[in-house]
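All remarks here apply to the structure that follows.
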Amino acid sequence: MSRIPYLREDEMSLRQREINATFVAERGEPVRGPVAFWMRNIELGLRHQKVRLKMERATSFPRALSEIPILAANRHWSAEFTWCRHERAAIRSGTEAAPVAVMREGGRPAFSDPAAQALYDFSRELLETTGVCDETYRRVLDLFGLAATIELVGLVAYGTILSVSANTFGPEELHASDCTLPPVGPPPLNPTRRSQEARLDGVAPAVDLDPACGAAAEAASIWRRAGDMAQPWEDYEAVIRSDCSVPAQMRELLTLRIAQHWRCNAQWSRHLPLARAAGVAPEAIAALAVGARASDVPTGTEKLALALAFADAILVEGVASDPLQDRAVAALGTDTVIELVAVMGLQTLVAMTLNTFGRGNPDDPALRRAVS
């Protein structure tokens, strides 16, 4: 049984039933997996679908290559449901099978194609160290160009959204035994990442950015250099900010936690005033700034504490425990828990984008990652 139940047809609104019927007609089968859960918020579900179509079918990379960063994220977060589906898609598309099998076991694969190897190395370094060194960045940039490098960051973040969604929602479909992921432990807590100067010139200056969008506005000015990648993600961000049940105070608290986890200076500084304006307690901000775990952050309310604990568990362990998730659902509601994952996914893309292309100092004491 899924950790969060699928909506039955008799529980859907008229619009949800209409959209669900359209998806079924397009796919030729019932809608399952993360997209089915996103459809609880119909606007979010529709934006997620546009993001999915862009990232899975319309990047600069052939699918045999675009599946590699998604699989790297699936493996990093030990997300069996999404790994199973994307492993099959990769092999069907011509991705080299032997390195994928090594990835499944938690090892470091050796692709015969230098382009495939470059994509994998970039993806894994970004996931494990929260950024990429100059050598890794230049290697991909020289092979594929700037627009494709921006899309690559989007693919890693998209794979992360799918992974933490699947881990949270727990789709009930059984996996084939060859799709089961051997345990490799939680993601690393204290990776090494070097400081860097900004890699792009001409990014929209702060005065031209919408302050209400926070760091997403700066990230969007980078996404736009990848052509039509920007619009689906900007629409996704707009729904999260305006049409979700997650209150601003909770959203900004989680965004600071994301910035701290990914050690993203720009994201932290842009959301600090938004967090203060939304009523996030100064004591909570101070605790996050020195790398405190959720249990040591004085949020001030039970709901904020549960939301932060839920996000903290996903970032550190890859999934919230059943008791913690049950408490979060009971206190916040199913829809809000689902939308918390959307907030985390979007802000992870923002952090990865700014960490890859902007100026960064991961040793800033305000951005130390939480320790167990």
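Quick note: the coordinates plus some simple rules give every number you see, no bench work behind them. Given the structure is predicted, the values throughout are model-derived calculations rather than measurements. Cβ coordinates were reconstructed from backbone atoms using ideal geometry, including for glycine residues, and neighbour counts include every protein chain displayed.
What shape does segment 9-55 take by its C-alpha gyration tensor, where a ≥ b ≥ c are the square roots of the eigenvalues and a/c under 1.5 counts as rounded, a/b above b/c as prolate, and the rest as oblate?
oblate
Considering the values (1) 23.0, 75; (2) 23.2, 88; (3) 19.3, 54, which represents Rg and Dmax of the Cα atoms in Å as calculated for the structure under consideration?
(3)
Where in the chain are the DSSP H helices whose alpha-carbon span along the long axis reaches 24 Å or more and whose Kyte-Doolittle mean is at least -0.5?
146-169, 334-357
How many nm separate the modelled label positions at residue 135 and residue 235, each set 7 Å beyond the Cα in the direction of the Cβ?
Going by the 7 Å Cα→Cβ label model, 4.2 nm.
Of 213, 238, 273, which is farthest along the charge dipole of segment 206-367 in the positive direction, counting Lys and Arg as +1 and Asp and Glu as -1 at C-beta?
The listed residue farthest towards the positive side: 273.
Towards the positive end of the charge dipole of the chain, with charges on Cβ (+1 Lys, Arg; -1 Asp, Glu), say which of 39, 348, 13 has the farthest Cα.
It is 348.
Summing +1 for each Lys or Arg and -1 for each Asp or Glu, what net charge is found among the other residues whose Cβ lies under 9 Å from the Cβ of residue 63?
Once all neighbours under 9 Å are counted, the net charge is 0.
In debye, nearest 20: dipole of the chain around its Cα centre with unit charges on the Cβ of K, R (+) and D, E (-)?
240 debye
Show that you can apply the helix-only estimate: for the chain, add -39,500 (n - 2.57) for every DSSP H stretch of four or more residues, divide by all residues, and state [θ] at 222 nm to the nearest 500.
After summing the helix terms and dividing by residue count, I get -20000 deg cm²/dmol.
Could you give the dipole magnitude of segment 206-367 about its Cα centre, charging the beta-carbon of Lys and Arg +1 and that of Asp and Glu -1, in debye to the nearest 20?
Computed charge dipole of segment 206-367: roughly 340 debye.
Please arrange 327, 57 by how many other C-beta atoms lie within 10 Å of their C-beta, fewest to most.
57, 327
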